[in-house]
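Only one structure is covered here, and it is reproduced in the block below.
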Amino acid sequence: MPDTKSHGRRILQQKAAFAAIRGLSILTIAILALIIGFIAWKGLRFDRETRSTVLPFAEASPKGLAIVVNRESALEVVEAPVLLGIYTDEYINWSKISGEDTDLLPVAVDPATPEGAAARDLVFGAGAAEAIAWGGLVEFVPSPEAALEKVRTTPGSIAVLPHEALRDLAGIATVSLRRLSVVASADAMALVENRQVEDMDDVEVARLVSGGVPSWAALGGPELAVAPIAPPAGSPLEAAAKAAGQKPAGNPAIDMAGYLAALAGAKGGVGLAFAEDLVAFARSGEEAVALANGEAPSLAPLTRRGHERGWNLSLRYLVEEPRLSGRVGGISTIILNTFAMLILTLLIAAPLGVAAAVYLIEYAKQGPLVRILRLGTETLAGIPSIIFGLFGMLFFVDILHFGFGLLSGCLTLTLMILPTIVRTSEEALKSVPRALREGSLALGATKLQTIAKVVLPAAAPGILTGLILGIGRAVGETAALLFTMGSDYKLATGLFSSARALSTHVYLLFAEGISFDRAFSTATVLILIVLLFNVAAKRLVGRMGRNAAA
Amino acid sequence: MDPRPPKFDVRHLDLWYGQTQALKDVSFSIDPNTITALIGPSGCGKSTFLRVLDRMNDLIEGVRVEGSVLYDGEDIFGDRDVIELRKRVGMVFQKPNPFPMSIWDNIAYGPRVHGVKDKKALSDLVERSLVQAALFDEVKDRLHKPALGLSGGQQQRLCIARVLAVEPDVLLMDEPTSALDPISTAKIETLLDELKRRYTIVIVTHNMQQAGRVSDRTGFFLHGELVEYAPTRDIFFNPRDERTENYISGRFG
């Protein structure tokens with residue numbers, strides 16, 4: 001009679017073991033999915049925190065003026081403080097503004113003309129012309145037409161023109177302006193007991209200007225009641241303030257200067273203002289005197305904290321050349337360099353590795369020498385790549401004088417992936433049935449014919465798997481390449497030209513703090529390439545297997 | 001008796017695997033255009049002997065051979081080119097071993113390694129060999145499909161056709177039907193009778209009915225010795241040696 005009790009226990013044990021194994025495998029898959037998903041998400045989308053003193057209300061044509069740039073520019077929106085910076089030599093290059101590696105050319109219509117004066121007022125604010133400090137880069141032209149022509153013909157140029165001057169839009173693009181700021185009086189912004197008003201998000205900004213916040217303390221500032229000041233009624237500011245959420249309760253009696261003075265004078269005052277008016281206010285009488293005496297400004301814009309989201313990995317990123325250390329542009333040349341590296345490495349490593357495996361399996365006498373050789377290959381397979389990199393740098397770069405370049409890098413990679421290729425090829429050759437070899441030899445084929453025509457084709461799927469594994473390791477290699485292949489991101493033109501691979505690019509973007517977003521998009525491309533290789537290999541091996549078996 | 005000289009003349013053949021003697025003083029001759037069956041229990045040396053005839057034992061390390069085997073009067077261990085010998089003396093193995101390529105390429109493989117390049121000549125050879133192996137009608141529509149897609153019996157006939165394509169003189173068969181079903185076995189046995197007219201056939205078999213059905217002469221091996229070699233009828237109905245009688249009547253083996 002069977003022992004039912006122990007039988008039941010065995011079944012229970014089996015069930016528990018099965019559940020544990022299933023749980024572990026699900027966990028593993030989940031971890032893998034998480035990693036790949038995270039990298040892909042970070043690579044595909046960017047989400048940057050931005051800080052700015054202007055609100056995200058873009059005006060296409062403020063005060064009847066249009067901001068125009070050369071058609072090649074990627075600029076779509078500009079913030080008023082940046083526009084001011086452009087005309088005061090704070091920027092000399094577009095890279096910090098629009099990410100383009102182009103010299104900046106601010107064009108201004110002569111401020112003596114009415115058009116020029118209007119443009120100047122948009123940038124610097126109305127007021128005494130003599131107090132305005134134009135930047136040295138600014139090129140003055142006599143008329144809006146001349147400015148338009150200049151912008152049309154000069155990449156990197158920008159100008160502020162009356163709307164009517166834009167009859168022909170060929171060769172130019174218009175840019176919207178963000179100029180609405182939230183401003184507070186000096187007492188609200190003061191540092192009291194290590195507390196100061198913090199940067200605000202959009203919700204806090206809306207609540208503040210609509211009177212929803214009773215005390216500055218709620219925003220991290222001093223114990224002071226918030227006193228919203230309404231903009232002058234009927235002014236363009238009132239319309240803008242409505243859009244920002246402020247209730248219309250304007251005082252029609254005062255002008256802009258009076259409004260700002262009232263705001264500065266109010267206890268805990270808060271309100272909205274255009275950036276250029278703030279500039280003008282800062283230049284004006286009392287404020288200038290106070291600043292000259294070393295006092296805090298009586299009006300200060302609050303900083304808004306926002307998020308900028310968008311697509312990180314675009315077709316543009318894939319087809320454009322990298323510029324400014326990869327800060328700008330794409331990764332086209334780096335992708336091409338990577339493929340050149342892989343092909344060259346494969347061309348060197350595949351014949352060597354397969355030949356070595358054929359020798360070890362088919363020809364070598366299986367003795368102590370072969371055992372030592374095997375141990376050596378296995379040891380090489382486990383050596384960290386940085387050591388291959390050091391060896392490659394000393395041997396290929398230095399002793400053989402190959403220099404930092406494709407050839408040195410590929411030779412180093414070859415050394416690194418050779419053990420993998422040899423080992424997998426050996427296994428593949430070993431798995432070819434003896435009967436096939438005998439069948440061929442019995443027909444009178446020589447050993448060489450047998451190996452070339454029967455054994456190698458039969459072992460091809462396995463050998464191919466080894467090659468793909470090797471390539472997979474090579475494409476992800478960084479340490480061995482940094483010291484041997486160099487890091488020039490231009491297209492490699494020869495065996496000796498320095499070339500940057502995708503993995504090196506990812507590393508350098510991280511290590512030099514150039515851009516995490518770009519590092520992640522490059523990483524995503526790298527993962528996609530590895531995926532592509534694996535899928536291609538699977539299909540190829542599958543097809544070969546079908547040919548052999550069905 | 002056949003007035004022609006024997007195809008194989010084996011004289012005092014000894015064979016060692018390292019220290020183990022696998023064949024002991026084997027002497028007999030095989031006549032042309034006959035089917036010779038070699039029977040005996042497992043490990044008796046019959047397969048080893050068969051592999052001596054086309055020197056497949058060369059592939060195994062530590063094999064030592066003494067004595068001589070004359071093939072058409074010439075010692076196969078002499079100066080004779082082993083490639084040439086294997087071309088003349090073809091071998092079919094126990095398990096079908098088609099190459100992982102198309103049916104056509106399998107058959108053309110032998111002629112190709114011997115230097116036939118002309119596509120037309122190859123095609124003729126492929127067709128003729130398949131017809132001879134009684135396989136052509138079954139595979140003529142899928143000559144370029146993988147050979148591994150055939151059934152076991154078809155694969156074995158493909159292997160026979162592959163050997164025939166190099167136009168050999170002798171066919172060695174090492175238990176060619178042991179991995180096949182009875183219908184496939186019957187087909188191959190019928191085929192052997194056909195092939196006898198053109199080839200000398202030596203077949204190792206575990207199946208004594210098969211030996212009785214197909215062979216002209218039978219040799220009984222035991223512990224590396226050729227115990228008895230006689231016309232098949234005599235071996236089965238009138239064995240001279242007691243050990244042969246015991247084996248035939250199923251007392252061991």
Low-density loop positions, trypsin sites (Lys or Arg not before Pro), the range A:156-212 - DSSP coil, at most 10 other Cβ in 10 Å: A:167
Report the semi-axes of the equivalent ellipsoid for the range B:103-253 in whole Å, largest first, where each axis is √(5λ) for an eigenvalue λ of the Cα gyration tensor. 35, 16, 12
Could you please put A:92, A:387, B:30, A:39 in sequence from largest to smallest accessible area, using a 1.4 Å probe? A:92, A:387, A:39, B:30
In sequence order, calculated HN-Hα J values of the range A:491-503 (Karplus, 6.51, -1.76, 1.60; Hz; x Gly/Pro): 5, 5, 9, x, 5, 9, 8, 4, 9, 9, 9, 4, 5
Hits among lysines - C-alpha to C-alpha of residue B:196 under 28 Å, sequence gap 8 or more where chains match: B:7, B:46, B:87, B:95, B:120, B:140, B:187
Can you put A:216, B:16 in order of accessible area, largest first, using a 1.4 Å probe? B:16, A:216
Using only atoms on other chains, find how many Cβ atoms lie within 10 Å of each Cβ of peptide A:432-439 and report the average. 5
For the residue pair residue A:321 and residue B:225, what label-to-label distance in nm results when each label sits 7 Å from Cα along the Cα-to-beta-carbon direction? 8.9 nm
All Cα pairs of chain B, percent lying beyond 22 Å: 55 percent
Computed FRET value (nearest 0.05) for residue A:11 with residue B:234, which takes r as the C-beta separation and R₀ as 45 Å: 0.10
Residues in the range A:146-178, backbone N under 18 Å from the label point at residue A:74 (7 Å along the Cα-to-beta-carbon vector): list them, ranges by number please. A:155-158, A:173-176
Could you state the number of Å between the C-alpha centres of the range A:95-151 and the range A:491-525? 38 Å
At a cut-off of 30 Å², which residues of the range A:441-459 become less accessible once all protein chains are present than in their chain alone, using a 1.4 Å probe? A:441, A:442, A:443, A:444, A:449, A:453, A:454
Tell me, what is the FRET efficiency for residue A:452 and residue B:197 to the nearest 0.05, using R0 = 30 angstrom and their Cβ-Cβ distance as r? 0.25
What distance in nm lies between label points placed 7 Å from Cα along the C-beta direction at residue B:186 and residue A:22? 5.0 nm
Along the charge dipole of the range A:1-55, which of A:27, A:14, A:38 sits closest to the positive end, that is, farthest toward it, with unit charges on the beta carbon of Lys, Arg, Asp and Glu (+1, +1, -1, -1)? A:14
Could you pull out every one of the aspartates and glutamates with an alpha carbon less than 19 Å from that of residue B:145, ignoring same-chain neighbours closer than 8 positions? B:105, B:124, B:127, B:137
Output wanted: per-residue J couplings in Hz (rounded whole) for the range B:128-140, from phi through Karplus 6.51 cos²θ - 1.76 cosθ + 1.60, θ = phi - 60°, x for Gly and Pro. 4, 5, 5, 5, 4, 8, 6, 10, 4, 4, 6, 10, 4
Could you pull the accessible area for residue B:144 with a 1.4 Å probe, rounded to 10 Å²? 130 Å²
What residues have an amide H closer than 5 Å to that of residue A:139, excluding those fewer than 5 places away on the same chain, when H is modeled at 1.01 Å from N in the peptide plane? A:107, A:108
If you look at just the Cα atoms of the range B:107-164, how large are its Rg and its Dmax in Å? 10.8, 30
Accessible area buried between chains B and A, both sides summed, probe 1.4 Å, in Å² to nearest 100: 2000 Å²
Long-range HN-HN contacts of residue A:323 with modeled amide H, under 5 Å: A:328, A:329, A:330
Work the Kirkwood hydrodynamic radius out for the protein assembly as shown: mean of 1/r over every pair of different alpha-carbon atoms, inverted, in Å. 35.4 Å
Theoretical ellipticity at 222 nm over chain B - DSSP helices of four or more residues, -39500 (n - 2.57) apiece, nearest 500: -10000 deg cm²/dmol
Residues losing 50 Å² or more accessible surface upon assembly, the range B:63-88, compared with the chain by itself, 1.4 Å: B:83, B:86
Contact order normalised by length for the range A:171-287, with contacts defined as Cα pairs under 8 Å and 6 or more residues apart; what percent is it? 33 percent
Principal-axis tilt of helix A:368-382 within chain A, Cα atoms, nearest 10 degrees: 10 degrees
Any trypsin sites (Lys or Arg not before Pro) in the range B:1-40 that lie in a DSSP loop and have at most 12 other Cβ atoms within 10 Å would be none
Helix A:114-124: inclination vs chain A longest Cα principal axis, degrees, rounded to 10, gives 70 degrees
In nm, the gap between the two label points placed 7 Å beyond Cα toward Cβ at residue B:60 and residue B:29 is 2.8 nm
Set of aspartates and glutamates near residue A:365 by C-alpha distance (under 12 Å), chain-local residues within fewer than 8 positions excluded: B:61
Say the dipole of chain B comes from +1 at the beta carbon of Lys and Arg and -1 at that of Asp and Glu; which of B:235, B:179, B:201 then lies farthest toward its positive end? B:179
Long-range amide H partners of residue A:172 with built H, under 5 Å: A:71
Cα principal axis extents for the range B:196-253, largest first, Å: 36, 23, 18
Any idea what the dipole of the range B:119-253 comes to, in debye rounded to 20, about its Cα centre with Lys/Arg Cβ at +1 and Asp/Glu Cβ at -1? 480 debye
Pulled fully out, how much extra length does the chain show between residue A:149 and residue A:215, if you take 0.36 nm times their separation in residues and subtract their Cα-Cα distance? 18.5 nm
When the convex hull of its Cα atoms is projected in every direction, mean area for the range A:63-211 (nm²): 11.2 nm²
With a 1.4 Å probe and every protein chain left in place, tell me how much accessible area residue B:118 has, in Å² to the nearest 10. 90 Å²
Pop out the carbon and sulfur fraction of the accessible area of the protein assembly as shown as a percent, whole number, probe 1.4 Å. 59 percent
If you rank A:274, A:38 by how much accessible surface each has, with a 1.4 Å probe, what is the order from largest down? A:38, A:274
Roughly how crowded by other chains is peptide B:49-58, in terms of the mean Cβ count from those chains within 10 Å of each of its Cβ atoms? 1
Would you please give the FRET efficiency between residue A:117 and residue A:196, computed as 1/(1 + (r/R0)^6) with r the Cβ-Cβ distance and R0 = 30 Å, to the nearest 0.05? 0.20
How tilted is helix B:103-113 with respect to the longest principal axis of chain B? Cα atoms for both, answer in degrees (0 to 90, nearest 10). 70 degrees
If the elastic network links every pair of Cα atoms under 10 Å, which of B:182, B:32, B:239 fluctuates the most in the Gaussian network model of chain B? B:182
The equivalent-ellipsoid semi-axes of the range A:183-255, taken as the square roots of five times the Cα gyration tensor eigenvalues and listed largest first in whole Å, are 25, 13, 9
I need the phi-derived Karplus couplings for the range A:84-90: 6.51 cos²θ - 1.76 cosθ + 1.60, θ = phi - 60°, integer Hz, Gly and Pro marked x. 4, x, 4, 8, 10, 6, 5
Per residue accessible area in Å² of the protein assembly as shown, where ligands, DNA and RNA are left out and the probe is 1.4 Å: 48 Å²
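The values are calculated or read from the model by the stated rules, or taken from the named source; none is laboratory data. Because the structure is predicted, anything quoted here is derived from the model rather than measured. Quick reminder, even Gly has a Cβ in these numbers, built from the backbone with ideal geometry, and neighbours come from all protein chains shown. Protein only, heavy atoms only, side chains kept; ligands, DNA and RNA dropped before computing areas. Shrake-Rupley method; radii C 1.70, N 1.55, O 1.52, S 1.80 Å.
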